[in-house]
Amino acid sequence: MTTGSVEESQLTMLEPQPTSTRMLDWVSTLDHKRIGIMYILTAVFYLAVGGFEALLMRIQLAFPNNTFLSPEMFNQLFTMHGTTMVFLVGMPVLTGFANYFVPLMIGARDVAFPRLNSFGFWMFFFGAALLHFSFLTGSAPNAGWFSYVPLSSKAYSSLQGVDYWIIGLLIMGIGSVSGAINIFATIINLRAPGMSLQRVPLFVWMMLMQAILIILALPALNSALAMLLIDRWLGSAFFDPTRGGSAVLWQHYFWIFGHPEVYILILPGFGMISEVIPVFSRKPIYGYTFIAASSVAIVLLGYGVWAHHMFAVGLGMYADIFFAVGSLLIAIPTGIKVFNWTATLWGGEIKFNTSLHFAIAFLLQFVIGGLTGIMFAAVPIDWQLTDTYFVVAHFHYVLIGGLVFALFSAAYYWFPKMTGRMLNERIGILQFWLWVLGFNMTFMVQHFLGMMGMPRRVYTYADNPGWALLNGIATLGAVFMAVGTLVFLWNIFKSLHSGKIAGDNPWDAFTLEWATTSPPPPENFPVIPEVKSRRPVWDINHPEYADWKKEKTPEDKGRRGNLAKIAAWSFIASEAVFFLLLLVAYVVFNTKLMAPVGEASSPETLSDVTSSVLDVKRTGIFSLFLITSSLTFWVAERFLKAGKKSAFVFSLGLTILLGIIFLGGQVWEYTGLLSNGISINSDLFSATFFTVTGFHGIHVTAGVIALFVMLLMGLKGNLSSEKTHVFGAVGVYWHFVDVVWIAVFGIIYLGLLQ
Amino acid sequence: MSSYFDLTSSLWKWDSPIWLLVLTLTGMYFLLQRSTSGKRGAAFSVAMLALTLAYISPIGVLSDGYLFSAHVVQHLLLLLIIPLFLLLSLSESAMESLFSRPFMNRLGSVMAVPFLGWLSGLGVMWFWHIPSFCNASTVNYSLGIFRDATFLLAGLAFWWPVFSPVKRYHLNPSVAVAYLFSACLACTLLGIYITFTVISVCPAFASPVDRIGILNLLYDQGLNPATDQRLGGLLMWVPPCSLYVTAIMVVLKRWYADIETVPTSQTTANPGSLREAHQ
Ligand code: HEM
Ligand SMILES: [Cu+2]
């Protein structure tokens, strides 16, 4: 993770490697464009898999009382279909496009962390493979893509399917966060001179927003998954109401991740549309600032509306009202964007090609999906329609009608850049109509089915009036979409062979990716073009109409920040959310024992129980060791900067020693508890206690290892003073671990908040 | 519900001493800011109106021992609305000259340190909702006044780095966004805690003393202590966050309008870069 890796990766690319095969070339690549393509291809593969699963379900549902699939099989299929489409298609294909295009669009020669990037890809790749291994055990996950407890708990899902689901998602989650940190740092740090953040193409801006969402939302899922895994494997009862746990907590955690997740999926789609529409209207985008700023609002509000997925739970009237209002609020910045895109088209010199066809269909279909979303925000409507096909219609309108159409639009737009050849327009239009027809046939009718009360996720239905017809139409539509996809693949193969040669900039487009060859060379740009506005390539190609002559945009002040620090801070931001939610779980489960509101609290309060098993004083002393280690670390950093090697080694060594002493204290405490028969599955206190302190211990251990590596580097003299920022980044992490401990100590040992 | 708006009912407290403060502030304002623009005058009126309502309207009466949720609304007015509009009502030039004096300048820069503003803004919220303090300040009149004063001052400190009339104290935009977003996160945590906890955060409200005989009315409207606390938690969470998001939009608008005619000038008068310079 050094800044030097940029040059290194270029060398690996440029050097001929006589012994390696083409395959090995790809597998070992650090080139962001190749990694991008690998993401996209893997996603397309899983699109086929998930699409096939969908087709099977549609065949089953084509007729009433059909027996093509068993109920058990149907459950596995809708679970794997949903999981696949969200985690194995939607997220990676977007990360793929981001990988390929973000560096090109900001005029960078590479991404910030090529190795981290490749790590992220392979985590995704193997996580996805692992998930599909579950089929070989004969029981794929079958509890739905949100795996609600108690269905997903050991008692009701005793086979390994859910375990594969958890582990697969955890691995891919780590990969996604790594990828997002890389994209985030790339955009913040590697922009070409002149490219102020206020000038980046909107796709880049949306990917920046998406990276923030991923960094801060995925840890919520990870913490929930960790707790579910501990429930399943170690017998704790976080989510088991019969033993004092809370099934609703799973829903909260899942949707704290889940709602931001839908924006993780759609914001990049917005970005793509915002690139395509201006180019084919021959105009700059209308209201750049509004689109950019309102996505910030979406990111922020997106964290506050999760409970609209839980209206049927019974959260209480006031909670329902607030979450309903929040959901309506978030629809505003989402909705007004549609006007921006329309206004961009308005009066433009429209080039109505396949890409723009898909973009305009996106607009119309996304509006429908947005409107049904607003309907759901009204609590009583939700109560009526939740868990029916109306929900299925809503999210497919935003996810297929929105995201997938945006992806097709982007594919037609960027394929020439990626391959050097144009996709065939006539085949493209054929694919477009197959998709528009198929998609609307399949999902429009599901609105009606939902209103008639057809429940989602049930393997068959009775022959109610009209249901057979509507379901038949839906299935036929799915066939159209499948054929459309085959047409698309055919188009790709044909065009790769004999498509029109694209040239550098076939669309006379505006942004920097078009200022280099198609496909771009490994180093992206021979010379980095000059950036003086939001449409640098337009400015270069049409100097007489250059944007910067007409409209001023904020200048680049040249601030870029330090890569290692950016990575460290974004990583700990992610970790902080993870620990925060574990601590919230602790508080939730350990205040329950108190008297309810209004009654005098009983003497048997929890803090008595706690202090009876925890030796607060002893742990307090060990905590002092950890906190002191932050101090010695700080001293070590000073010495490193001052170039005093032996003092540096001494204080760093002391830091490590203090960290190890703290860990020793934890081992002592654990053995004491375990030998007293208190283990993670004893009760909710012990479960939350061991989970929180255990994860913290793991982090301290990781920190000690990192410090140790630093110490070795210091001893060997590899830690030159210009590498102090790497050391500083480790320091950010180490201080963070300490801060977390202070919170843990306050909440668990001192019983604050109880 | 008509009784809330019945100005003669006991839910309105017309003889509140808050008038004294309002009058003093208004006097001072017109002395200091003779030539005030309409916008600023309006901002000032909003601040004064909010201040008055916080005490004389049912918000003030109910927050005095009856409803936790009203008590939260009062906090929000004192901490967020009134200081914000007060800052917006101050004219740039008058404040510019006031804060050009060395002492005032120091004060202004200290208040512009984001950590302090953040800590005071969020700190008062957390501090005054520790059950024993919350209770004491509700039961004890003068402690209550002290608490309200801390809310006002903390609010000024909180908004200063974002909306100070003197531009040089503004945080740099990315820091300002982080400042406001983390503030939203912190009040979300407190709000969620109060909403979902089964502990009575402010026991004084759990068994109100029925001073003016309206308890039955409240209970009839479903505002029993548990619901009331839940509502209070939600109020502590959603409205401030919405306000912070709005403020973030304002910051972004400034950022996008940040067009300088001199391209390469590294503006060092910026407190954000001041902080970096320290590191
Ligand atoms: C216009 C603003 C939107 C609002 C107000 C909204 C509201 C809602 C609500 C209330 C539900 C819960 C329905 C239920 O289960 O009873 C829901 C479900 C869903 N929404 Fe939206 N939505 C909006 C936009 C979006 C977007 C843009 C996406 C994705 C790109 C999306 C994806 C989903 C998904 C995937 C579900 C179903 C999750 C599941 O139960 O499996 N929504 N939406
Ligand atoms: Cu949602």
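The values are calculated or read from the model by the stated rules, or taken from the named source; none is laboratory data. Source: prediction; values computed, not measured. Using ideal geometry, Cβ is built from the backbone for each residue, glycine included, and neighbour counts are taken over all protein chains shown. Each accessible area value is taken on the protein alone, full model and side chains, heavy atoms only, with ligands, DNA and RNA left out. Shrake-Rupley method; radii C 1.70, N 1.55, O 1.52, S 1.80 Å.
At the listed q of 0.12 Å⁻¹, the Debye profile of the range A:155-248, built from one uniform point per Cα, gives log10 I(q)/I(0) equal to -0.54. Would you list, by chain and number, the aspartates and glutamates whose Cα falls below 12 Å from the Cα of residue A:154, excluding same-chain residues fewer than 8 positions away? Straight-distance partners of residue A:154: A:163, A:231, A:240.
Electrostatic bookkeeping for residue A:416 treats Lys and Arg as +1 and Asp and Glu as -1; over the other residues with beta carbon under 11 Å from its beta carbon, the sum is +1. Comparing Cα centroids, the range B:74-138 and the range A:467-536 end up 53 angstrom apart. Working out 0.36 nm times the residue gap between residue A:122 and residue A:312, then minus their Cα-Cα distance, what length gain in nm do you get to one decimal? Stretched out fully, the residue A:122 to residue A:312 stretch lengthens by 64.5 nm. The mean sequence distance of close C-alpha pairs (under 8 Å, at least 6 residues apart), as a share of the length of the range B:43-112, puts its relative contact order at 33 percent.
Rounded to the nearest 100 Å², what is the buried accessible area between B and A, both sides summed, probe 1.4 Å?
On the way: alone 14740 and 30550 Å², together 42050 Å².
Rounded to the nearest hundred, the buried surface is 3200 Å².
Size descriptors for the range A:394-516, from the alpha-carbon set: Rg then Dmax equal 18.6, 59 Å.
Any idea which of B:240, A:477, A:688 is furthest toward the positive side of the dipole for the protein assembly as shown, if Lys and Arg beta-carbons carry +1 and Asp and Glu beta-carbons -1? Of B:240, A:477, A:688, it is B:240. Rg over Rh for the range A:188-308 works out to 1.16, both radii taken from alpha-carbon positions and Rh defined as the Kirkwood radius.
Relative to the isolated chain, which residues of the range B:216-254 have their accessible area cut by 40 Å² or more in the presence of all protein chains (1.4 Å probe, heavy atoms, no ligands or nucleic acids)? Buried on complex formation: B:231, B:234, B:237, B:245, B:249, B:252.
What's the angle, to the nearest 10 degrees (0 to 90), between helix B:114-127's Cα axis and the longest principal axis of chain B? With both axes taken from Cα atoms, the answer is about 0 degrees.
Basic side chains Lys and Arg get +1 at the Cβ, acidic Asp and Glu get -1 at the Cβ, and with that the dipole of the protein assembly as shown about its Cα centre reaches some 2020 debye. Placing a pseudo-label 7 Å from each Cα along the Cα-to-Cβ vector at residue A:679 and residue A:542 gives an inter-label distance of 7.2 nm. With point charges of +1 on the Cβ of Lys and Arg and -1 on the Cβ of Asp and Glu, referenced to the Cα centre of chain B, which listed residue (B:9, B:180, B:111) lies farthest in the positive direction of the dipole? Most positive-ward Cα: B:111.
For the range A:560-576 and the range A:73-111, write down the distance between their C-alpha centroids in whole Å. Rounded to whole Å, the Cα centres lie 23 Å apart. By the rule of a C-alpha distance below 20 Å, with chain neighbours fewer than 8 residues away ignored, the aspartates and glutamates paired with residue A:500 are A:425, A:508, A:513.
You can think of it this way: the chain between residue A:631 and residue A:616 has 3.1 nm of extra reach, that is 0.36 nm per residue less the Cα-Cα gap.
Which value at 222 nm does the protein assembly as shown reach when only helices count, each DSSP H run of 4 or more adding -39,500 (n - 2.57), with the total divided by all residues and rounded to the nearest 500 deg cm²/dmol? Spell out each step's value before the answer.
Values: 40 runs with 701 residues, N = 1033.
It lands at -23000 deg cm²/dmol.
Cβ screening of chain B for cysteine pairs under 4.7 Å finds these without a partner: B:187. Using a cut-off of 31 Å between Cα atoms, the listed pairs A:565/A:617; A:565/B:253; A:351/A:552; A:723/B:167 include A:565/A:617; A:723/B:167 as exceeding that distance. One way to sum up the overall shape of the range A:675-720 is the equivalent ellipsoid from its Cα gyration tensor, whose semi-axes run 37, 9, 4 Å, largest first. In the distance distribution for chain B, Cα-Cα pairs more than 30 Å apart total 35 percent. Under Stokes-Einstein, with the Kirkwood radius over Cα pairs standing in for Rh, what whole-number D in µm²/s applies to the range B:20-129 at 25 °C and 0.890 mPa s? The estimated diffusion coefficient comes to 157 µm²/s.
Rounded to the nearest whole Å³, what is the per residue volume of the convex hull around the Cα atoms of the range A:289-376? Expressed per residue, the convex hull around the Cα atoms of the range A:289-376 is 100 Å³. At q = 0.17, 0.19, 0.31 Å⁻¹, work out log10 I(q)/I(0) for the range A:123-174 with the Debye formula, treating every Cα as an identical point scatterer and leaving solvent out; two decimals please. So the normalised log intensities are -0.46, -0.56, -1.16.
For chain B, the longest principal axis of the Cα atoms and the long axis of helix B:102-111 meet at an angle of about 60 degrees. With contacts taken as Cα pairs under 8 Å and at least 6 residues apart, the range A:620-709 reaches a relative contact order of 27 percent. Shape index of the range A:431-490: Rg/Rh, with Rg the Cα radius of gyration and Rh the Kirkwood radius from the inverse mean 1/r over Cα pairs, equals 1.06.
Using the alpha-carbon positions of the range B:184-245, Rg (one decimal) and Dmax (whole number) come out as 13.3, 40 Å.
What FRET efficiency do you get for residue B:10 and residue B:49 if R0 is 22 Å and r is their Cβ-Cβ distance, rounded to the nearest 0.05? Intermediate results must be reported in sequence, preceding the final value.
On the way: r = 22 Å, r/R0 = 0.99.
E between residue B:10 and residue B:49, to the nearest 0.05, is 0.50.
Note that chain A, at 37 °C in a medium of 0.692 mPa s, gets a Stokes-Einstein diffusion coefficient of 118 µm²/s from its Kirkwood radius over C-alpha pairs. With a 1.4 Å probe rolled over the protein heavy atoms of all chains, the accessible area of B:150, A:79 falls in the order B:150, A:79, largest first.
Measuring only protein heavy atoms, the 1.4 Å probe finds residue B:64 accessible over about 80 Å².
Hey, what did chain A get for relative contact order, percent, Cα under 8 Å, at least 6 apart?
After rounding, I find 14 percent.
How many angstrom lie between the Cα centre of the range A:611-635 and the Cα centre of the range A:246-318? Computed from Cα coordinates, the inter-centre distance equals 41 Å.
Take the Cα atoms of the range A:40-165, build their convex hull, and give its volume per residue in Å³.
So the per-residue hull volume is 123 Å³.
Listed by chain and number, the aspartates and glutamates whose C-alpha is less than 20 Å from the C-alpha of residue A:557, apart from same-chain residues fewer than 8 away, are A:530, A:547, B:258, B:260, B:276. For residue A:713 and residue A:671, a Förster radius of 41 Å and the Cβ-Cβ distance give a FRET efficiency of 0.75, rounded to the nearest 0.05. Each of B:221, A:391, A:325 was scored by the projection of its Cα onto the charge dipole of the protein assembly as shown, and the greatest displacement toward the positive side belongs to A:325; charges sit on the C-beta of Lys, Arg, Asp and Glu.
Remark: the range B:147-196 is approximated by an ellipsoid whose semi-axes, taken from the C-alpha gyration tensor as √(5λ), come to 24, 17, 5 Å, largest first.
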